[in-house]
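What follows is one structure encoded as structure tokens, with my remarks underneath.
Only the coordinates and a few stated rules stand behind these numbers; no lab work does. Every value quoted in this text rests on a predicted model; they were computed, and no experiment measured them.
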Amino acid sequence: QAQLVESGGGLVQAGGSLRLSCAASGVIFSISTMGWYRQAPGKQRDLVAVITTSDRINYAGSVKGRFTISRDNTKNTVYLQMNSLKAEDTAVYYCNAQSIIGDYWGQGTQVTVSS
């Protein structure tokens, strides 16, 4: 059974940093494109960053230059380093794994940035 477990969320002041982790199990991590999405209250879930199996990376324009996505295939884990956080980054952050096997989501981790 596929499972994605996010961690690292919390409350931080504007300008601060957080590092999110997503540990995957039951997923063929090495063939999965991994992504981070976020959903603020009353808004749709949006892409934050994605990293392919060949380490091609895409960022949302609003986080480019502040966030960094990376993956460790030996640990089946994807990370999101978030720097220079802003109040508008407040949201539930979700991990996603996509491959020919399926499309899987984690349960989400709350990130709250106080201004």
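Quick rundown of the values:
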read-out	value
Anchor Lys43: lysines whose Cα lies under 22 Å away (excluding residues fewer than 8 positions away in-chain)	Lys64, Lys86
Globularity index of the chain, i.e. its alpha-carbon radius of gyration over 2.2 N^0.38 Å	1.00
Karplus (6.51, -1.76, 1.60) ³J(HN,Hα), θ = phi - 60°, over the range 29-38, in Hz, Gly and Pro reported as x	4, 5, 10, 9, 7, 10, x, 10, 10, 9
Vicinal HN-Hα couplings computed from phi for the range 95-102 (Karplus, 6.51 cos²θ - 1.76 cosθ + 1.60; Hz; Gly/Pro x)	8, 9, 10, 10, 7, 5, 7, x
Value of relative contact order over the chain, rounded to a whole percent, pairs C-alpha under 8 Å and six or more apart	36
